[in-house]
Amino acid sequence: MENSNKYNYINLYYLNQMSSKNAEFLLEMIDIYRAQVPVFKEKLQTYFAQKDVEGLVRTTHKIKGALAIMGVNCLDEKLLYFEENENIPLSEFEPFIQSYIFTSKEVDLELDLVVNEYKS
């Protein structure tokens with residue numbers, strides 16, 4: 001399957017290149033990504049509740065890598081901001097957390113289409 005950028009959130013070009021278009025590997029990477037999402041959500045919400053900005057920054061750094069593999073770039077600007085700045089106010093994380101949760105749901109729907117395409 002070629003990714004002709006028919007999706008709104010994901011772009012599997014990098015993943016296809018990395019996997020040499022091996023369906024089994026691609027599906028495994030999608031499973032790994034999907035397993036990470038609830039962990040990231042929980043960590044973001046926990047660190048936010050604890051007012052732990054360092055924990056939030058560490059988690060956003062991990063999220064950046066996971067999203068990059070799936071070709072999701074709509075949160076790149078904010079993730080880069082968190083990575084490059086110090087003394088980020090806690091209030092800046094709340095809208096990001098909401099955006100991440102929304103984006104994760106949309107990405108999951110698109111990944112369902114990919115998985116179904118590979119399994120059919």
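Each reported figure results from applying straightforward, stated rules to the coordinates on display, with no laboratory input. Computed from a predicted model, the values in this text were never measured in an experiment. Backbone-built Cβ (ideal geometry, glycine too); neighbour counts: all protein chains shown.
Calculate, in nm to one decimal, what Asn73 and Ser99 gain on full extension: separation in residues at 0.36 nm each, minus their alpha carbon distance.
My answer for the length gained is 8.1 nm.
Scan around Asn11 for amide H atoms under 5 Å from its own, H built in the peptide plane at 1.01 Å from N, and keep only partners 5 or more places away or cross-chain.
Those qualifying (amide H under 5 Å, at least 5 residues apart or on another chain) are Gly71, Val72.
Enumerate the lysines that Lys41 could reach by cross-link, defined here as Cα to Cα under 21 Å, with residues fewer than 8 away along the same chain left out.
Of all the lysines, those that pass the test against Lys41 - Cα under 21 Å, at least 8 places apart if same chain - are Lys51, Lys62, Lys64, Lys78, Lys105.
So what are the radius of gyration and Dmax for the Cα set of the chain, in Å?
15.1, 49
How many nm is it between the label spots at Lys6 and Ser19, if each spot is 7 Å from the Cα in line with the beta carbon?
Distance between label points: 1.6 nm.
Which listed residue (Thr60, Cys74, Val39) has the Cα farthest towards the positive end of the charge dipole for the range 36-84, taking +1 on Lys and Arg C-beta and -1 on Asp and Glu C-beta about the Cα centre?
Checked the options; the winner is Val39.
Please order Val114, Val57, Val72, Val39 by the number of other Cβ within 10 Å, starting at the fewest.
In increasing order of surrounding Cβ atoms, one gets Val39, Val57, Val114, Val72.
Can you give the angle from 0 to 90° between the axis of helix 53-69 and the longest principal axis of the chain, with both taken from C-alpha atoms, to the nearest 10?
Relative to the chain, helix 53-69 is tipped by roughly 10 degrees.
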